[in-house]
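Visitor: Have a look at the structure that comes next, please.
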Amino acid sequence: TLYTLMREHARVRPHAYALRDSGRRITWSQLARWVEALASELHAAGVKRGQRVSVWLPNRVESVVIFLACSRNGYVCNPSLHQNYTVRDIAQLLERIQTAVLFAQTGYGADADKADVFAAARALPGMKRVYRMFPAGAGDAGEGDYAVFPPLDSEPAALPEPDLNPDKIVYLAFTSGTTGMPKGVLHSDNTLLANGRAMVHDWHHDDKTILFSHSPLSHHIGTVAIEQSLAAGFEVVVNDLPPGMKPLDWIVATGATYVMGVPTHAMDILADMKSRGMTKLGAVGIFYMAGSIIPPQTAKSFLDMGIKPQNIYGMTENGSHQY
């Protein structure tokens, strides 16, 4: 499972880095302890195997902690609630999949200044716990009696036995909804890892790889980044830029060797490099571009720098990957 792979990396390389955002860089052993602290809380709240746990958060390491806690306890993680959704959209989707837990951040979403997702979520039947999170640096003391995400150094309390079935449903993604209501797509640990393992094998990733995901963690590309990390044991850097940095700065500063995104991300990076007179993209050796054809000039620009352009296409139902 996703969880047991994470536990093995924590055993074999406890002090190696697993995850990074603008404020935190955490090791595999820290990640394992944090996942189990959250899994313990959710179990104590009465969340049962097969129930849905939804995530409406910007790019931050907690999203990965939630996903792995779901894999551990046998919950179904629903991470694809995007920033451009309204509170009404979110409430409808949460009700439709009978969500038991919501993690959301204040001020996040298309109409966060006018509507209250926390109150809307709490009013839904079957909701067991609503986590109210705050932007990094804003503190975590909540208003009212909403749950607060456990801190990084939390110690897990009583834990249920982990769900070790790799064929259980662990993931419920929504398609874009551009031609109607978003459709739900289900995956197991195994169907996600089938692609992650193949990508790692075919592109020769290992525990020295550092992956920067241009795409948000609410998008399936973010999930594919996590799959590959768990298959190979490498660090994922999420697109949570420190103040004053552009993506190009963050890619270079983090030592990323593998960048994942879409062709427009690549074109923006190349344009920024040209404006600065840069001829090398840090340590990057592979640039993954999904969702549409790579323009020939974009591919040539990367090849001229010694970077392999990786063209990806496919349906979320199949894990997205033809390459």
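Visitor: Starting from the Cα-Cα distance between D268 and K308, subtract it from 0.36 nm times their residue separation and give me the gain in nm to one decimal. List each step's numbers first, then the result.
Guide: Values: separation 40, 0.36 × 40 = 14.40 nm, distance 1.71 nm.
Roughly 12.7 nm would be gained on extension.
Visitor: Same structure again: Provide the solvent-accessible area of V224, counting protein heavy atoms only and rolling a 1.4 Å probe, rounded to the nearest 10 Å².
Guide: Taking all protein chains as shown, V224 has close to 0 Å².
Visitor: Work out the count of Lys pairs in the chain where the Cα-Cα distance is under 20 Å, with the pair 8 or more places apart or on different chains.
Guide: Total qualifying Lys-Lys pairs in the chain comes to 12.
Visitor: If you line up the long axis of helix 62-73 against the longest principal axis of the chain, both from Cα atoms, how many degrees apart are they, to the nearest 10?
Guide: 60
Visitor: Here's another thing I want to ask about it. Would you rank M315, M305, M267, M289 by solvent-accessible area, highest first, keeping every protein chain in place and using a 1.4 Å probe? Write down the numbers at each step before the final one.
Guide: Working: M315 110, M305 50, M267 75, M289 0 Å².
So the residues, ranked largest to smallest area, are M315, M267, M305, M289.
Visitor: May I ask you to rank D272, D304 by accessible area, largest first, using a 1.4 Å probe over the protein chains only?
Guide: Values: D272 20, D304 105 Å².
Output order, biggest surface exposure first: D304, D272.
Visitor: Using a 1.4 Å probe over the heavy atoms of the protein chains, calculate the carbon and sulfur portion of the accessible area of the stretch 38-90 as a whole percent.
Guide: On the way: 670 of 1490 Å².
Carbon and sulfur together cover 45 percent of it.
Visitor: If you average 1/r over every pair of different alpha-carbon atoms in the stretch 280-323 and take one over that average, what Kirkwood value in Å do you get? Walk me through the intermediate numbers first.
Guide: Values: mean 1/r = 0.0898 Å⁻¹.
Over the stretch 280-323, the inverse of the mean reciprocal pair distance is 11.1 Å.
Visitor: Restricting to bridges with both residues inside the chain, how much of the DSSP beta-bridge set is antiparallel, in percent to the nearest 5? Don't jump to the answer; show the numbers that get you there.
Guide: Values: 9 of 42 bridges.
Taking every DSSP beta bridge within the chain, about 20 percent pair in antiparallel fashion.
Visitor: I need the fraction of alpha carbon pairs in the stretch 19-71 separated by more than 18 Å, rounded to a whole percent.
Guide: Values: 447 of 1378 pairs.
Value for the stretch 19-71: 32 percent of Cα pairs lie more than 18 Å apart.
Visitor: Can you give the accessible area per residue of the chain, in Å², using a 1.4 Å probe?
Guide: Numbers: 13800 Å² over 323 residues.
Value returned for the chain: 43 Å² of accessible area per residue.
Visitor: Same structure again: Could you tell me the distance between the Cα centroids of the stretch 300-323 and the stretch 256-296, to the nearest Å?
Guide: Each part's Cα centre sits 11 Å from the other's.
Visitor: Here is a further query. Could you quote the convex hull projected area for the stretch 194-323, Cα atoms only and averaged over all directions, in nm²? Show your work: numbers first, answer last.
Guide: Values: hull surface 29.6 nm².
Over every viewing direction, the Cα hull of the stretch 194-323 projects on average to 7.4 nm².
Visitor: Can you tell me what percent of all Cα-Cα pairs in the chain are more than 26 Å apart? Write out the running numbers ahead of the final one.
Guide: Values: 23533 of 52003 pairs.
Result: 45 percent of Cα pairs exceed 26 Å.
Visitor: So, with a 1.4 angstrom probe, what is the percent of accessible area on the stretch 144-187 that is carbon and sulfur? If you can, show how the numbers build up before the last one.
Guide: Details: 1440 of 2460 Å².
Exposed carbon and sulfur together represent 58 percent of the surface.
Visitor: Using only the Cα atoms of the stretch 196-253, what do you get for the radius of gyration and for Dmax, in Å?
Guide: 11.9, 36
Visitor: Using square roots of five times the C-alpha gyration tensor eigenvalues, list the equivalent-ellipsoid semi-axes of the stretch 47-204 in whole Å, biggest first. Let's see the in-between values first.
Guide: On the way: eigenvalues 127, 82, 52 Å².
Over the Cα atoms of the stretch 47-204, the ellipsoid semi-axes are 25, 20, 16 Å.
Visitor: Tell me whether the stretch 63-122 comes out rounded, prolate or oblate; compute the Cα gyration tensor, take square roots of the eigenvalues as a ≥ b ≥ c, and use a/c under 1.5 as the rounded threshold. Present the calculation step by step, with values, prior to reporting the outcome.
Guide: On the way: a/c = 2.27, a/b = 1.74, b/c = 1.31.
Prolate, since a/c reaches 1.5 and a/b exceeds b/c.
Visitor: Then there's this: Return, for the Cα atoms of the stretch 228-296, the radius of gyration and Dmax in Å, separated by a comma.
Guide: Values for the stretch 228-296 (Cα only, Rg and Dmax): 12.5, 37 Å.
Visitor: Listed highest first by mean packing, meaning other Cβ atoms within 10 Å per residue, what order do 16-22, 121-127 come in? Don't jump to the answer; show the numbers that get you there.
Guide: Details: 16-22: 20.7, 121-127: 14.4.
Sorting 16-22, 121-127 by mean packing, highest first, produces 16-22, 121-127.
The values are calculated or read from the model by the stated rules, or taken from the named source; none is laboratory data. Worth saying up front: this structure is predicted, and the values here are computed from it rather than measured. Here Cβ is always computed from backbone atoms with ideal geometry, including for glycine, and neighbour counts include all displayed protein chains. All accessible areas refer to the heavy atoms of the entire protein, side chains included, with ligands and DNA or RNA removed. Shrake-Rupley method; radii C 1.70, N 1.55, O 1.52, S 1.80 Å.
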